[in-house]
Every structure is written in C-alpha cells, then in structure tokens.
Amino acid sequence: MKTNFLHKILSFTMAFVVLFSTLSFTVESHYCGSSLVDTAIFTKAKVCGEDITSDAPAMKGCCKNEIEVVKGQDNLKLNVFDDLDLSQQLFITSFVYAYTALFESLPKQIIPHKNYSPPNLVFHIQLLDDVFLI
C-alpha cells in the first residue's frame, strides 16, 4: 500500500519534470517610459494607448517592448528498438510475449439451456398441497 503510493507520487513527479524541462514560452513586457504597463506570457502585451507612430518627436521613443524567450530542452534522444543490442532486444520481446500471454481469453463455454424457456405454471403447487413457510 505504502510502496504503491510512493510509486504513484514518483511517477507523477517525473512526468512533471519531463513536461517542464521541455516547455518553451515567451514573456513579453511593455514599458512606457520607465514604468511597466503590462506583462504577458504566451500572448502579446497590451500597449499603454499611446500611438508609437505619432509625428511628435518627444513621443517616438517613450514606449518599448521587451520579449524574453525561455527555451526548454530541445535535444532529447529518442531510442528505437534497433538501437538496442541483441540481448536487450531478446529480453524485451520475450517479456512482451509473456506479458501478453497473461491476458489470453478463456475458451467460450457452451450453455445448453441458454435459449430454453421454462414451462408456464398452470397450478400453484404450494397452494394445492397446503405447504407454507412459517
């Protein structure tokens, strides 16, 4: 019971480690002057409402966007069956064959009275013989 629970926790933790080590995302920040206006993950940050393309020379350089890309692990090695040596291939094939043999279905049993319907009772035998359970 305790080991089963520990195995589940360990496998859940390992799944999250693999997921978050390979996850890539972007963090986009929008600054107006020296103050932070908006920060967004996976989407574009909202602008402060000032038109960056305006003709006023003082307004041209006041807003800026910063994009930070957090890259996950990209060089995962995927093994195929042919990369294993002969003893490992033999072990895996014998293990899979023995494991699938555990789930073979039982032979179908024939039930001879499956479609047999009992005869209709014309008389109630217990009432005729006056046999009652007390």
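Rounded to the nearest 10 degrees, the angle from helix 86-101 to the longest Cα principal axis of the chain is 50 degrees.
Across E104, E66, E28, the residue with the most accessible area heads the list, and the full order at a 1.4 Å probe is E104, E66, E28. Within straight-line reach of K46, meaning a Cα separation under 19 Å, sit the following aspartates and glutamates at least 8 residues removed in sequence or on another chain: E28, D38, E66, E68.
Start at zero, step by 10 Å, and the Cα-Cα distances of the chain spread as 8, 13, 15, 12, 11, 11, 11, 8, 6, 4, 2, 0 percent across the bins. From its DSSP helices (H runs of at least four residues, each -39,500 (n - 2.57)), the chain gives a residue-normalised ellipticity at 222 nm of -9500 deg cm²/dmol. Heavy-atom accessible surface of T3, to the nearest 10 Å², is about 90 Å², with a 1.4 Å probe and all protein chains retained. In this view, the solvent-accessible surface of I67, computed with a 1.4 Å probe and all protein chains in place, comes to about 120 Å². Protein-only accessible surface at a 1.4 angstrom probe places the residues D129, D74, D38 in the order D74, D129, D38, largest first. Axis of helix 2-21 versus longest Cα principal axis of the chain: the two differ by about 30°, to the nearest ten degrees.
The values are calculated or read from the model by the stated rules, or taken from the named source; none is laboratory data. Computed from a prediction, not measured in an experiment: that's the story for all the values here. Surface areas here come from the heavy atoms of the whole protein model, side chains and all, with no ligands, DNA or RNA. Shrake-Rupley method; radii C 1.70, N 1.55, O 1.52, S 1.80 Å.
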